[in-house]
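Report on the following structure.
Coordinate-derived values only; no laboratory data. Only a predicted model underlies this, so the values are computations on that prediction, with no experimental measurement involved. Here Cβ is always computed from backbone atoms with ideal geometry, including for glycine, and neighbour counts include all displayed protein chains.
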Amino acid sequence: MTTDTISKPAPTPITIKELNTENPRWCAGCGDFGIIMGLKRFIVERQLSPSQTVNVSGIGCSGRAPNYFNTYGVHSIHGRAIPIALGIALAQPGLNLFVHSGDGDALSIGGNHLIHGINKNFKCVFLMYDNEVYALTKNQTSPTTRHEHPTNTQPQGTFLNPLNPITLVLGLGASFVASTADWIPDHLTNTMKAAFDHPGFAFVHISQRCPHFDPNNFDHKNSSWFSFLKHPNGIEPDRRLAAKTETVEHDPSNLTQAFSYGAADRRYFGLFFQNKDKPRYDNILHNLVEKAPKKDPSKILDSYLI
Amino acid sequence: MSLEKRPVTRFELLMDAGYGAQKAGDILLGAFVGMGQYVYVEPMIPAEISPPARSRAALSGVIIRLADFDVTNIGNDTDLILAAHEVVLDRRLDDREFNANAKILLDMGDQEDNPESYEMVLKRCTKLSLSVIPFNVDAESRTLIKELGGKGQNLYYLGMLSFIYNMDEEIVKKEILKTFGKKLKEDIMAKNITLYHNGYQLAKEKVFFRVEVQCHERPGQQILIDGNTSMSLGLIDAGFKLFSGYPITPASSIMHTLAKNFPSYGGLVHQAEDEIAAIGAAVGSYYAGKPAVTATSGPGLSLKQEFIGFASAAEIPLVVIDVQRAGPSTGMPTKTEQSDLLAALCGSHGDYAKIILSVSNVIDCFYAPHLARYLAEKLRVPVFILSDFQTANSYKVVAKFKLAQMNGGVDDIPDFVFERFHMKRLAGPVQMVRTLQTVPGTEGGMRRITGLNTDEQGKINYFSDHHQRSHAVRNEKIHQVRRVLTLPEMFGKDTNEVLIVGWGSSRGAIEEAISLCEKNGVPASGMHLRVVYPLPLMLKDVFTKYKKVMTVEVAFGDPLKPSPLALLLRSETLTDVRPLVADATGRPLRPRIIMNKIQEALK
């Protein structure tokens, strides 16, 4: 492999500025700005080495995210960020791995990979940017578009009820399920912390505004429509907004309760569920190699001798 | 009793699937090899696990070509068929792969229940002037087979064949013990051995001929190996560290072999959720610095195409093995074909860079991974290894391969690998679309890759000059290979009336066809390509030395539509290349048919 040696700069603290690349090509007011800022704040807070950090994405507005982090990154193809991320995790287990995926990318074209990423439970933070619409392709119905909301492909109003990402991934046996929103920065960063510390596939659902195609998807000026989940093992409710809305106690080891919050009409932000003991596929494969009896590569053909 | 001495002969055992015809073939193979004979084995496998017995779909068997010289292909026609009943025989006669004087040993055990069907097939044999030797399994053996739930019949037939092919009973028994020893209980094993012995005795009493092929002492260490196993071991020796695949016939056995062995050599086997995920993990692994490979067959290749283009655009090394089967669509999963050439060449959208290697035998299978890894990492492009059902499943005895143990960088690749593929080491540095090609974890080397067009710095760029530049840089990588390709392997005179050209698994049949032509005064030469894309620059000049250039392919073509290789050669050389053999029957090429078609073409 080519591993170019780069002159090594003296270790200096990582700052937001150093993590920036170019001005993102997103619309003004796009929720994606908030999401990548939340992740950058987390990287700075933890002082994660940009050389050891990889952002992986598929296609769509969210797909562009890795380009805006001065870390390693793969802006791959539509729906396929998870396989790439798994390949990276298998090749270099120690890297900080963040996967960025939109609602169409994660639940539609990449749905199969989400099922198996969750089941394999390999170590990564999976950020699902949910703006409830296909935006980069200009306003088509996505798997999470609200029923009857008109789009370019279903101008009569979206035909079906949206998929529920929270109950979907809970049902798949996800070991970490949290929900947050792009406009509550403290909660967003706290969620990233909890997700990053989780030993497995950490699914983070992020409600994301799309002022260009659906200015009404989330009312970010009003907090009465959502609640925070709170628990000593959970995620701290947002300091600024907690006072303005309801906070409920929820033990993230309680799967049944997690399902009922996830299925409710009301939206809940916080940690729905966590299981730190779910086996990890990446560890299983690495252990297999570690424990396999070593064989002499110069005798590879010997058992085929006649 | 007549004893025929032959330099080469071919026979086949036909049974219902699930009754151990291939197992019997494996035992025979081991015994022949132990006796110092050269063999080439082709299993005939239905695509289903256990189709209904006594149906045409149930045909499962093994074809063995036995010679006193090294054989490179399954040959022309069969001299002897042993069939378990009339239905599998009838089905196999459809393929018209028997000699005019072929002998048929037909088990009459099912005749009582199916008199009309037997009569019909026997009539068919008479019409074809095939001599049928009917036989019945003796009463003791019938009881034993019943006790074994029908399972021991293959051993009975094995016994018959052992007698006919003048084999040492003890050597064969040793092979039986080697094959079943650990798996069967003692009493069951004893029954099987009795069945073997009874079969041998039956042939001794009822069959009035034996065939003998001369034995040879072979110098040096020899191995017995099939194509997919050889490819798996080649991947390990070439230093790959991740195999990522999804089950698909006939590529799966590569994953099986690696699943057993790879961890002991530091390699991971990842069974992905689908074909796309399989190639995606390989891309991710190679991006993160660990050599990775994915293997598939036609349908899987179609699914992987988007990632292949991505790897080319994002400049991530990638190796894709395609064990071809008969297409289009699901086609015939257990039959051979060479019709994925164009899917590899043009299957992903846009103009993407790629190299296509092919394998013609078990030796190529071992070394193709080394060359593929070298080219993939030097050029940072996808490299295909095209194999096929025939190459993947055929067994052969070869001298033990010299290992390369490429665990360091790709520059460790030995020169003989380049020579085998008729090329030289790449000359000079390779320019990339992006200057920086660091691997995650490299301090200070942070970079983003994308399928979008970028400039030298790796920044997304939609400007006309930059996009044109990216194309030119990617294509120049391929031209660098083009320039180091040497004259492909040639058979026969270097100027002639006809030149036949083939690639991949057609090599053995081409070599033998040209040698047949020379013996029969047919003015033809042959060319075989291991690197199928790019093609060497001298090809056009070579073609001018022959009056006719024609391809030999296991892929469909007709007078209005050139077969894939013909199409490629026409477009690359502006020579009027036409398909000579463009048969997509699922059956391997036959040297004599190639010669006959050359003779027709010369008329």
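Counting each pair of different Cα atoms once, what's the Kirkwood radius of chain B in Å, rounded to one decimal?
Details: mean 1/r = 0.0390 Å⁻¹.
In chain B this quantity evaluates to 25.6 Å.
Restricting to DSSP loop positions (anything but H, G, I, E, B) with no more than 13 other Cβ atoms inside 10 Å of their own Cβ, which trypsin sites (Lys or Arg not before Pro) remain in the range A:73-152?
Values: sites: A:Arg80, A:Lys120, A:Lys123, A:Lys138, A:Arg146; in loops: A:Arg80, A:Lys123, A:Lys138, A:Arg146.
Here the trypsin sites (Lys or Arg not before Pro) that fit, given the DSSP loop and packing criteria, are A:Lys138.
Taking the Cα centre of chain B as the origin and placing charges on Cβ (Lys, Arg +1; Asp, Glu -1), which of B:Thr143, B:Phe98, B:Gln468 is farthest toward the positive end of the dipole?
Going by the Cα projections, it comes out as B:Gln468.
For A:Val74, which sequence-distant residues (separation of 5 or more, or a different chain) have an amide H within less than 5 Å of its own amide H, given hydrogens modelled in the peptide plane?
A:Asn55, A:Val56, A:Ser57, B:Ile449
Grab the other residues whose beta carbon is less than 15 angstrom from that of A:Glu22, score K and R as +1, D and E as -1, and report the net.
Value of the local net charge: +4.
Out of all Cα-Cα pairs in the range B:350-421, roughly what percent, to the nearest whole number, are more than 15 Å apart?
57
Looking at chain A as a GNM with Cα springs under 10 Å, which of A:Thr15, A:Thr141, A:Thr158 has the largest mean-square fluctuation?
Fluctuation is largest for A:Thr15.
Using unit Cβ charges (K, R positive; D, E negative) and no other charged atoms, how large, in debye to the nearest 20, is the dipole of the protein assembly as shown about its Cα centre?
It comes to approximately 1360 debye.
Per 10 Å bin, what percent of the C-alpha pairs of the range B:224-420 does each bin hold, from zero upward?
That works out to 10, 41, 39, 9, 0, in percent per bin.
Is the range B:481-603 best put as rounded, prolate or oblate by its Cα gyration tensor, with a ≥ b ≥ c the root eigenvalues, rounded for a/c under 1.5, and otherwise prolate when a/b is larger than b/c, oblate when not?
rounded
Can you sort B:Glu456, B:Glu512, A:Glu22 from fewest to most other Cβ atoms within 10 Å of each residue's own Cβ?
By the 10 Å Cβ count, ascending: A:Glu22, B:Glu456, B:Glu512.
Could you list log10 I(q)/I(0) for the range B:1-88 at q = 0.13, 0.17 Å⁻¹, which the Debye formula gives when each Cα is one point scatterer?
Per q value, in the given order, log10 I(q)/I(0) is -0.45, -0.72.
If you take the beta carbon distance between A:Leu163 and B:Ser329 as r and set R0 to 25 Å, what does 1/(1 + (r/R0)^6) give as a FRET efficiency, to the nearest 0.05?
0.20
From other protein chains only, count the Cβ atoms within 10 Å of every residue's Cβ in B:303-311, then give the mean.
So the per-residue partner count for this stretch is 2.
I want to check the label-to-label distance for B:Ala399 and B:Arg142. Put each point 7 Å from Cα in the C-beta direction and report it in nm to one decimal.
Taking the simple label geometry, B:Ala399 and B:Arg142 are separated by 5.3 nm.
Starting from the Cα of B:Lys185, draw a straight line to each of the lysines and keep only those under 30 Å, dropping any in the same chain fewer than 8 residues away.
Straight-distance partners of B:Lys185: B:Lys23, B:Lys146, B:Lys151, B:Lys173, B:Lys174, B:Lys204, B:Lys260.
Please report the net charge: other residues with Cβ closer than 11 Å to the Cβ of B:Ile356, K and R +1, D and E -1.
Details: positive: B:Lys354, B:Arg530; negative: B:Asp322, B:Asp340.
Cβ neighbours under 11 Å give a net charge of 0.
Between B:Met332 and residues 5 or more places away or on another chain, which pairs have amide H atoms under 5 Å apart, with H built 1.01 Å from N, and which residues are they?
B:Ala326, B:Gly327
I'm a student and want to see the number: the projected area of the Cα convex hull of the range A:253-306, averaged over all directions, in nm².
Averaging across all directions leaves 7.4 nm² for the Cα convex hull.
Using a simple spin-label model with points 7 Å from Cα along the Cα→Cβ vector, what separation in nm is obtained for B:His349 and B:Glu4?
5.9
Any chance you could get the radius of gyration and Dmax over the Cα atoms of chain A, in Å?
For chain A, the Cα radius of gyration and maximum Cα-Cα distance read 20.5, 79 Å.
Take peptide A:285-296, look around each residue's Cβ out to 10 angstrom, count Cβ atoms belonging to other protein chains, and average those counts.
4
To the nearest 20 debye, what is the magnitude of the charge dipole of the range B:297-364 about its Cα centre, counting +1 on the Cβ of each Lys and Arg and -1 on the Cβ of each Asp and Glu?
Computed charge dipole of the range B:297-364: roughly 180 debye.
Could you list B:Phe491, A:Phe98, B:Phe32 in order of exposure, starting from the residue whose Cβ has the fewest other Cβ atoms within 10 Å?
Sorted ascending by nearby Cβ count, the order is B:Phe491, B:Phe32, A:Phe98.
For B:Thr179 and B:Glu456, calculate 0.36 nm times their separation in residues minus their Cα-Cα distance, and state this gained length in nm to one decimal.
Working it through step by step, the gained length comes to 93.9 nm.
Once you place label points 7 Å from the Cα toward the Cβ at A:Arg240 and B:Met120, how far apart are they in nm?
Roughly 8.3 nm, to one decimal.
State the extension gain, in nm to one decimal, for the chain segment bounded by A:Asn287 and A:Asn254, taking 0.36 nm per residue of separation less the distance between their alpha-carbons.
In short, 8.8 nm is gained.
In whole Hz and in residue order, list the ³J(HN,Hα) couplings for the range B:28-44 that follow from phi through the Karplus curve 6.51 cos²θ - 1.76 cosθ + 1.60, θ = phi - 60°; x for Gly and Pro.
Here the 3J(HN,Hα) series is 4, 4, x, 5, 4, 5, x, 7, x, 9, 8, 9, 9, 10, 10, x, 10 Hz.
So between A:His149 and A:Ile16, what do we pick up on full extension, going 0.36 nm a residue minus the alpha carbon distance?
Result for the pair: 44.1 nm of gain on full extension.
Suppose only helical runs count, i.e. DSSP H with n ≥ 4. What mean residue ellipticity at 222 nm does that imply for chain B under -39500 (n - 2.57) per run, divided by all residues and rounded to the nearest 500 deg cm²/dmol?
Computed ellipticity for chain B at 222 nm equals -12000 deg cm²/dmol.
If each DSSP helix of 4+ residues adds -39,500 (n - 2.57) and the sum is divided by the residues in chain A, what number results at 222 nm, nearest 500 deg cm²/dmol?
-8000 deg cm²/dmol
Considering only B:Val213, B:Val439, B:Gly300, whose Cα is most displaced toward the positive end of the charge dipole of chain B, charges sitting on Cβ of Lys, Arg (+1) and Asp, Glu (-1)?
Checking the options against the dipole of chain B, the answer is B:Val439.
Taking every eigenvalue of the Cα gyration tensor of the protein assembly as shown, multiplying by 5 and rooting it, what semi-axes result, largest first, whole Å? Write out the running numbers ahead of the final one.
Working: eigenvalues 666, 214, 121 Å².
Over the Cα atoms of the protein assembly as shown, the ellipsoid semi-axes are 58, 33, 25 Å.
Placing unit charges on C-beta atoms (Lys and Arg positive, Asp and Glu negative, everything else neutral), compute the dipole magnitude of chain B about its Cα centre in debye, rounded to 20.
Result for chain B is approximately 1020 debye, rounded to the nearest 20.
If you add up the charges near A:Phe42, with Lys and Arg at +1 and Asp and Glu at -1, over every other residue whose beta carbon is less than 12 angstrom from its beta carbon, what do you get? Display every interim value, and only then the final one.
Details: positive: A:Lys40, A:Arg41, A:Arg46, A:Lys193; negative: A:Glu45, A:Asp186, A:Asp197.
Summing Lys/Arg as +1 and Asp/Glu as -1 gives +1.
Compactness ratio of the range B:37-195: Cα Rg over 2.2 N^0.38 Å, N = residue count?
1.09
I want to verify a result. In a Gaussian network model of chain A, Cα cutoff 10 Å, which of these has the top mean-square fluctuation: A:Phe273, A:Phe69, A:Phe259?
Looking only at A:Phe273, A:Phe69, A:Phe259, the largest GNM fluctuation is found for A:Phe259.
Any idea which of B:Gly181, A:Leu241, A:Leu114 is furthest toward the positive side of the dipole for the protein assembly as shown, if Lys and Arg beta-carbons carry +1 and Asp and Glu beta-carbons -1?
Most positive-ward Cα: A:Leu241.
Counting only other chains, and only Cβ atoms inside 10 Å, what mean value do you get across the residues of B:408-414? Provide the component values of the computation, followed by the final result.
Working: counts 0, 3, 2, 0, 0, 0, 0.
Mean shielding count: 1.
Check which residues have an amide H placed less than 5 Å from B:Ser387's amide H, if you skip close sequence neighbours.
Those qualifying (amide H under 5 Å, at least 5 residues apart or on another chain) are B:Asp322, B:Val323, B:Gln324.
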